[in-house]
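Values in this text are rule-based calculations from the coordinates and carry no lab data. Worth saying up front: this structure is predicted, and the values here are computed from it rather than measured. All Cβ positions, even for glycine, are placed from backbone atoms using ideal geometry, and neighbour counts span all protein chains on display.
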Amino acid sequence: MKTFYDYYHNKIQLSFEDHPFNKNPKHVWVICRYQSKWLLTKHLDRGLEFPGGKVEKNETAAEAAIREVHEETGGEVDQLTYIGQYYVKGKHDQLTKNIYYAEISGLAKNDHYFETAGPVLLDSLPEDIQSNMAFSFIMKDDVLTYSIQYVKEKLLINSNQSRS
């Protein structure tokens, strides 16, 4: 388990074990690859980030992950893999979020991308992501760093095709 602080100085605990904090988390975050590129979305308020959001009533976290990817990017999930979970202890509340890795088979054009401006494809993630104002605060802590490292180590993606 890894412990660190996020962009807003909230304590985060991150684990790549099977649901260590909550068997039924209410939030998801999905690291996506499409045609050897990173598939992100541009949140209208926060900036560039991987898709994610809240688990709706009568929906599993995995179903929410697939839905959020489609709603925010038009991405059709071919393969979804649970990779870990993190717990954020904020000043006023707490949340647990499942982290998934998704291989995307296609991008559909959506009439509406909800709170985002739709898909953004990147060949690589910038080295200076923490200081890059185009990126959401969600991308600026070690959850991203450790998750990308985990995905590469588990050979879910070819490390020659990506850089963190």
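For the stretch 33-99, the dipole from Cβ point charges (+1 on Lys and Arg, -1 on Asp and Glu) about the Cα centre works out to 340 debye, to the nearest 20.
For a quick check: sort Phe50, Phe114 by the number of other beta carbons within 10 angstrom, fewest at the front. Numbers along the way, then the final one.
Details: Phe50 26, Phe114 13.
Arranged by neighbour count, lowest to highest, Phe50, Phe114 become Phe114, Phe50.
With a Förster radius of 35 Å applied to the C-beta separation of Asp128 and Lys89, the computed FRET efficiency comes to 0.80.
Counting each DSSP H run of 4 or more residues in the chain as -39500 (n - 2.57), what helix-only mean residue ellipticity at 222 nm follows after dividing by all residues, to the nearest 500 deg cm²/dmol?
Values: 2 runs with 25 residues, N = 164.
After summing the helix terms and dividing by the residues of the chain, the value is -5000 deg cm²/dmol.
With the biggest extent put first, the Cα atoms of the chain measure 38, 38, 31 Å across the principal axes.
In this rough spin-label picture, where each label sits 7 Å from Cα along the Cβ direction, the Leu121-Met1 distance is 4.0 nm.
Rounded to whole numbers, the Karplus 3J(HN,Hα) couplings from phi for the stretch 100-105 are 10, 10, 10, 8, 9, 8 Hz, using 6.51 cos²θ - 1.76 cosθ + 1.60 with θ = phi - 60°, and x at Gly and Pro. Assuming charge only on the beta carbon of Lys and Arg (+1) and of Asp and Glu (-1), the dipole of the chain about its Cα centre is about 360 debye to the nearest 20.
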